[in-house]
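J.: Structure below; questions to follow.
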Amino acid sequence: MRALNFLLTLVLLSAPAFAQAEEKKATPLQIGGEFRLRSETLLDAASFVPSRQATADDSFVLMRVRVHGEAKPADQVRLFIQPQFSRTFAQEESSVANTTNVDDLDLHQGYVDFLDLAGGLLSLRLGRQELAFGKERLVGTFGWSNVGRSFDAVKLKGAWEKFWLDGFFSWIQRAGGNQYFGGSYGHWDIVEAVDYEPSFFVLRDNDGGLGGGALTLYTVGNRLTGTLGDHWDFDTEGAVQLGESGGSSILAFAVHADAGYTFLTAWRPRVGLEYNAASGDDTPTTGRVKTFNNLFPTNHDKYGYMDLAGWRNMHNPRFSLKLDPTQKIQTTLDYHAFFLMEPANGLFLASGANVRPNFANAGHFVGQEIDWLLTYAWNQFAKFLFGYSFFKAGDFISDTGAAQDVHFLYAQTVVSF
């Protein structure tokens with residue numbers, strides 16, 4: 001019913017544009033989509049992942065199907081719709097008596113674009129849509145998830161020769177308290193090989209603050225990225241947060257920096273070094289809030305493929321090696337070390353869940369993770385992915401409870417059309 005109401009609203013919003021648009025022959029409907037199947041095996045992770053406390057070992061198969069349709073009834077109007085079907089296999093008694101996956105079909109995206117406004121400088125998008133900015137450390141689509149992320153939003157884009165700026169506003173209506181998220185993100189081509197991206201986000205959550213109170217959060221960010229010559233690449237990003245959470249003031253920060261060197265030889269090896277940090281609270285239940293909130297990110301490929309850490313209360317050095325043995329095969333090997341800025345604040349998983357807080361006397365060292373990933377692009381339609389990750393528990397884990405090492409194996413097939 002929610003998806004139906006949304007589509008009706010979308011049609012009503014776009015009707016005036018159809019009536020005023022110059023009559024043109026409609027373009028044919030373009031159809032495309034994606035089928036994704038992934039198996040995952042997670043061993044000895046019960047002490048980390050609260051939702052899996054019942055078992056130390058877990059294996060499952062995930063399927064996601066997205067089909068989209070796109071049409072341009074006029075030069076300045078574009079319609080896009082993308083329903084999504086997602087499920088976890090073996091979670092129902094039978095396909096006849098399906099009582100556990102009743103909500104696995106939904107509208108992932110459905111919007112209308114009004115193009116070439118104000119002499120071609122502006123465009124407007126209304127409806128359910130993905131939002132992704134920069135490296136998606138603060139706002140991203142979370143594509144690894146079997147569901148992914150989209151927003152019911154309005155977005156206005158202005159584009160000039162070397163600069164573009166997005167402004168957006170989104171909302172979630174809830175029984176407990178509504179949530180509103182908006183802001184702006186810019187991109188400036190300083191020189192041919194260097195880009196600067198400023199951002200400003202505002203999050204208002206009526207019951208998302210301390211003690212169930214209101215949260216008003218302002219995030220100011222900057223990103224500088226580019227290449228130096230034929231070998232070096234770099235990316236830096238930082239953000240500061242101010243606001244109020246349940247009556248307490250907020251002051252938090254996060255930084256990221258990485259650099260890589262690519263050898264122009266066979267297999268094109270790239271060696272990279274990276275550092276991530278985000279503030280945490282030494283007294284997480286009282287006083288000023290210092291824990292950085294990384295908003296709506298795509299965390300999975302940034303702080304370890306096991307998703308045991310997010311950009312909150314952390315220090316994270318990373319070393320990476322990437323090889324391209326052939327045009328179709330790519331492999332990477334990453335090493336992560338994880339430290340807590342404030343042990344009393346606990347460990348924040350990539351999901352945002354807080355694990356083992358209130359241990360002020362525990363060690364800072366959470367552990368180490370090694371990630372190996374292999375991708376094979378069979379052709380333009382099919383791609384295969386294989387991976388293995390190993391996490392070695394550190395002092396913080398052993399000081400606060402069970403200290404198990406964790407293994408993660410996965411294989412994924414994606415077919416696009």
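J.: Let me check I've understood the local charge: for G148, count other residues with C-beta under 9 angstrom from its C-beta, Lys and Arg +1, Asp and Glu -1. What total comes out?
T.: Net of charged neighbours comes to +2.
J.: Compute the distance from the alpha-carbon center of segment 382-412 to that of segment 105-131, in whole Å.
T.: 39
J.: Then there is this: Please list, by residue number, every one of the chymotrypsin sites (Phe, Trp or Tyr not before Pro) in segment 241-273 that is coil in DSSP and has at most 14 other beta-carbon atoms within 10 Å.
T.: Loop-located and lightly packed - F263, W267.
J.: Now for a separate question. If the limit is 22 Å between Cα atoms, which of K135/K322; K302/K322; K328/K392 go over it?
T.: Violating the 22 Å limit, Cα to Cα: K328/K392.
J.: Could I ask something else about it? Cβ under 15 Å from D113's Cβ, D113 left aside: what net charge do those residues give with Lys, Arg +1 and Asp, Glu -1?
T.: Net charge in that neighbourhood comes out at +1.
J.: So which residue, out of A393, A118, A277, gets the largest mean-square fluctuation from a GNM of the chain using Cα contacts under 10 Å as springs?
T.: Checking each option, the largest mean-square fluctuation is seen for A118.
J.: Which order do I370, I190, I397, I81 fall in if you start with the one that has the fewest other Cβ atoms within 10 Å?
T.: I190, I370, I81, I397
J.: Would you mind ranking L374, L273 so that the residue whose beta carbon has the fewest other beta carbons within 10 Å leads the list?
T.: L273, L374
J.: Can I ask one more? Report the extension gain between N379 and A257 in nm, rounded to one decimal, defined as 0.36 nm multiplied by the number of residues separating them, less their alpha carbon distance. Numbers along the way, then the final one.
T.: Values: separation 122, 0.36 × 122 = 43.92 nm, distance 3.40 nm.
That pair, N379 and A257, stretches by 40.5 nm at full extension.
J.: Under a 5 Å amide H to amide H cut-off, with H placed in plane at 1.01 Å, what residues pair with G209 once short-range neighbours are removed?
T.: A214, L215, G246
J.: Could you work out the relative contact order of the chain, using alpha carbon pairs under 8 angstrom and six or more residues apart, expressed as a whole percent? Don't skip to the answer; put the middle values down first.
T.: On the way: 1094 pairs, mean separation 46.6, N = 417.
Reported as a whole number, the value is 11 percent.
J.: Just want the ordering: D57, D334, from fewest to most Cβ atoms lying within 10 Å of their own Cβ.
T.: Ordered from fewest to most neighbouring Cβ atoms within 10 Å, D57, D334 come out as D57, D334.
J.: Oh, and also: Cut-off 10 angstrom, C-alpha nodes, Gaussian network model of the chain. Which of Q380, Q84, Q179 fluctuates the most?
T.: Of the options given, Q380 has the highest mean-square fluctuation.
J.: Give me a comma-separated list of calculated 3J(HN,Hα) values for segment 365-371, in order, Karplus coefficients 6.51, -1.76, 1.60 applied at θ = phi - 60°, integers in Hz, x for any Gly or Pro.
T.: 7, 7, x, 10, 9, 10, 10
J.: What do you get for trypsin sites (Lys or Arg not before Pro) in segment 322-417 restricted to DSSP loop and a cutoff of at most 15 other Cβ within 10 Å of the site's Cβ?
T.: In loop regions of segment 322-417 (DSSP not H, G, I, E or B), the sparsely surrounded trypsin sites (Lys or Arg not before Pro) are K328.
J.: Could you run the Karplus curve 6.51 cos²θ - 1.76 cosθ + 1.60 with θ = phi - 60° over segment 211-216 and give me ³J(HN,Hα) per residue in whole Hz, x for Gly and Pro?
T.: Calculated HN-Hα couplings, in order: x, x, x, 6, 10, 10 Hz.
J.: Looking at segment 155-191, which chymotrypsin sites (Phe, Trp or Tyr not before Pro) are in a loop (DSSP not H, G, I, E or B) and have at most 14 other Cβ atoms within 10 Å? All intermediate terms of the calculation are to be shown ahead of the outcome.
T.: Values: sites: W160, F163, W164, F168, F169, W171, Y180, F181, Y185, W188; in loops: W160.
Taking segment 155-191 and a limit of 14 other Cβ atoms within 10 Å, the loop chymotrypsin sites (Phe, Trp or Tyr not before Pro) found are W160.
J.: Roughly speaking, what is the centre-to-centre gap between segment 273-328 and segment 346-369 when only Cα atoms are used, to the nearest Å?
T.: 12
J.: Quick check: net charge around L333, other residues with Cβ under 12 Å of its Cβ, Lys/Arg +1 and Asp/Glu -1?
T.: 0
J.: Still on this structure, I have one more. Under the rule a/c < 1.5 gives rounded, and otherwise a/b versus b/c splits prolate from oblate, where does the chain land using the Cα gyration tensor?
T.: Rounded shape, in that the Cα axes give a/c under 1.5.
J.: Now for a different question. Taking amide H positions as placed 1.01 Å from N in the peptide plane, with prolines and chain starts having none, which residues 5 or more places from A153, or on another chain, fall under 5 Å of its amide H?
T.: G127, R128, Q129
Values quoted throughout were computed directly from the atomic coordinates according to the rules given, and no laboratory measurement underlies them. These figures come from a predicted structure and were not determined experimentally. Ideal geometry is used to build each Cβ from the backbone, glycine not excepted, and the neighbour counts take in all protein chains shown.
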